[in-house]
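The values are calculated or read from the model by the stated rules, or taken from the named source; none is laboratory data. Note that the coordinates shown come from a computational prediction; the quantities given were computed from them, not determined experimentally. Glycine gets a Cβ as well: all are built from the backbone with ideal geometry, and neighbour counts include every protein chain shown. These accessible areas exclude ligands, DNA and RNA; they are computed on the full protein's heavy atoms, side chains included. Shrake-Rupley method; radii C 1.70, N 1.55, O 1.52, S 1.80 Å.
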Amino acid sequence: MSKEIVKELKIGIIGAGVVGKASGIGLESKGHGVTFVDNNPSLLDELKASGHKVHSSVSDVARSSDIVMVSVPTPTVSGRTDLHSVLAVGEEIGLGLTDTTEYKLVVVRSTVPPRTTRTQLIPVLEAMSRKRTGPDFGVCFNPEFLREHSALEDFLLPDRIVIGQFDQHSGTMLESLYESFQKPVVRCTLEEAELAKYVANAFLATKISYFNEVHELCKGLSVNPEVVSSVAALDKRIGRYGTTGGKPFEGKCLPKDIEAFLTFARDLGLHLDVLKAAVSVNQKEPLRQYA
């Protein structure tokens, strides 16, 4: 049985897409007060019609919330993560923090490259608020591992909860939000949490591409690929996800995150050859379907 919530927290969800909506509704179900903000009026109208609280001002919501969660899109443009929305929201949150004396926690849920939270977002928050991270407000990076078709279920029943913390106080406050989930919590640095998100997505993409190659091998041998992949999936070290060949990895996250991750590594002078091979296999897969 879940633990009772000791204190209801006021949560501002900035970005009401798949991740933001699931996070907000999930936290509402745990007894917290949630307000959604988005620049898409139709999303807010839909949430409002369903009985959820919405607002149009990021600054106002940051000012009135205990925790502000940023779940805005970070698309990949020309191989790099576009941080425009995250940093723009950061400016508005910073303005909201200016005239409040209460400690607030800013939590990044959007996928961003390692070092982004510390070297880009925090300076924006401090410049706009004229306050210091740590003594005046907290910052965490809290990656999501949600599937689009089952986002709410995945939020409420996570395998693990990862808290990248600026400092101990920030991490402890965010961990208290997840106390009733009774799931493993990993607390680490901001950069470790940012990187862990990309590493998880990159592994899933590689796994899918590997089993697409297994699928082609099975076809060449005239054996049933479902039997082969099912046998492999029964190994608890492998699992079922991504073992059904015959289609590329796709969706909103994996393709754009893998492209951005490869660019990030290349900028560091590193070449992730296994992941590049996975992308190469993935690019062939649509052609195979119609061959």
Inset, instruction - State whether the range 76-205 is rounded, prolate or oblate according to the following rule on the C-alpha gyration tensor (a ≥ b ≥ c being the square roots of its eigenvalues): a/c under 1.5 gives rounded; otherwise a/b larger than b/c gives prolate, and the remaining case gives oblate. - result: oblate
Legend entry - the range 140-241, relative contact order in percent, only Cα pairs under 8 angstrom and at least six apart counted: 22
Legend entry - Size of electric dipole in the range 153-291: Cβ of Lys, Arg +1 and of Asp, Glu -1, about Cα centre, debye, nearest 20: 480
Legend entry - From phi via Karplus (6.51, -1.76, 1.60), per-residue ³J(HN,Hα) for the range 222-235 in Hz, x at Gly/Pro: 6, 10, 7, x, 5, 5, 4, 5, 5, 4, 4, 5, 5, 5
Inset, instruction - Amide H neighbours of residue 165 under 5 Å, at least 5 residues apart or on other chains, H built in the peptide plane: list them. - result: 141, 188, 189, 190
Legend entry - Exposure rank, largest accessible area first [236, 256; 1.4 Å]: 236, 256
Legend entry - Qualifying aspartates and glutamates (Cα of each under 14 Å from Cα of residue 7; at least 8 residues distant if same chain): 28, 66, 175, 179
Legend entry - Over the chain, relative contact order from alpha-carbon pairs under 8 Å, at least 6 apart, %: 15
Inset, instruction - For the range 182-291, just say rounded, prolate or oblate: build the C-alpha gyration tensor, square-root its eigenvalues into a ≥ b ≥ c, call rounded for a/c under 1.5, and beyond that prolate if a/b exceeds b/c, oblate if not. - result: oblate
Inset, instruction - Could you order 238, 67 so the one with the most accessible surface comes first? Probe is 1.4 Å. - result: 238, 67
Inset, instruction - Report the calculated FRET efficiency for residue 232 and residue 156 (r = Cβ-Cβ distance, R0 = 35 Å), to the nearest 0.05. - result: 0.75
Inset, instruction - Would you kindly find the accessible area of residue 101, with a 1.4 Å probe and non-protein molecules such as ligands, DNA and RNA excluded, rounding to the nearest 10 Å²? - result: 140
Legend entry - Charge dipole magnitude, Cβ of K and R +1, D and E -1 - the chain, Cα centre, debye nearest 20: 440
Legend entry - Ranked order, 229, 64 - accessible area, probe 1.4 Å, largest first: 64, 229
Inset, instruction - Would you check the accessible area of residue 116, probe 1.4 Å, heavy atoms only, in square angstrom rounded to 10? - result: 10
Inset, instruction - Show me 203-214, 45-56 ranked by packing, highest mean number of other Cβ atoms within 10 Å first. - result: 203-214, 45-56
Legend entry - Solvent-accessible area per residue, Å², over the chain with all protein chains present [probe radius 1.4 Å]: 50
Inset, instruction - Would you mind getting me the FRET efficiency between residue 217 and residue 247? Use the beta-carbon distance for r and R0 = 25 Å, nearest 0.05. - result: 0.95
Inset, instruction - Please report the relative contact order for the range 199-291, taking Cα pairs under 8 Å with a sequence separation of at least 6, and give it as a percent rounded to a whole number. - result: 38
Inset, instruction - Give the carbon-plus-sulfur fraction of the accessible surface of the chain in %, rounded to a whole number; probe 1.4 Å, heavy atoms of protein chains only. - result: 56
Legend entry - Helix-only CD estimate at 222 nm, as mean residue ellipticity for the chain, using -39500 (n - 2.57) per DSSP H run (n ≥ 4): -15000 deg cm²/dmol
Inset, instruction - With label points built 7 Å along Cα→Cβ from the Cα atoms of residue 49 and residue 199, find their separation and express it in nm. - result: 4.4
Inset, instruction - Kindly identify the range 7-165 as rounded, prolate or oblate by the Cα gyration tensor criterion: order the square roots of the eigenvalues as a ≥ b ≥ c, call it rounded if a/c is under 1.5, otherwise compare a/b with b/c, prolate if a/b is larger, else oblate. - result: rounded
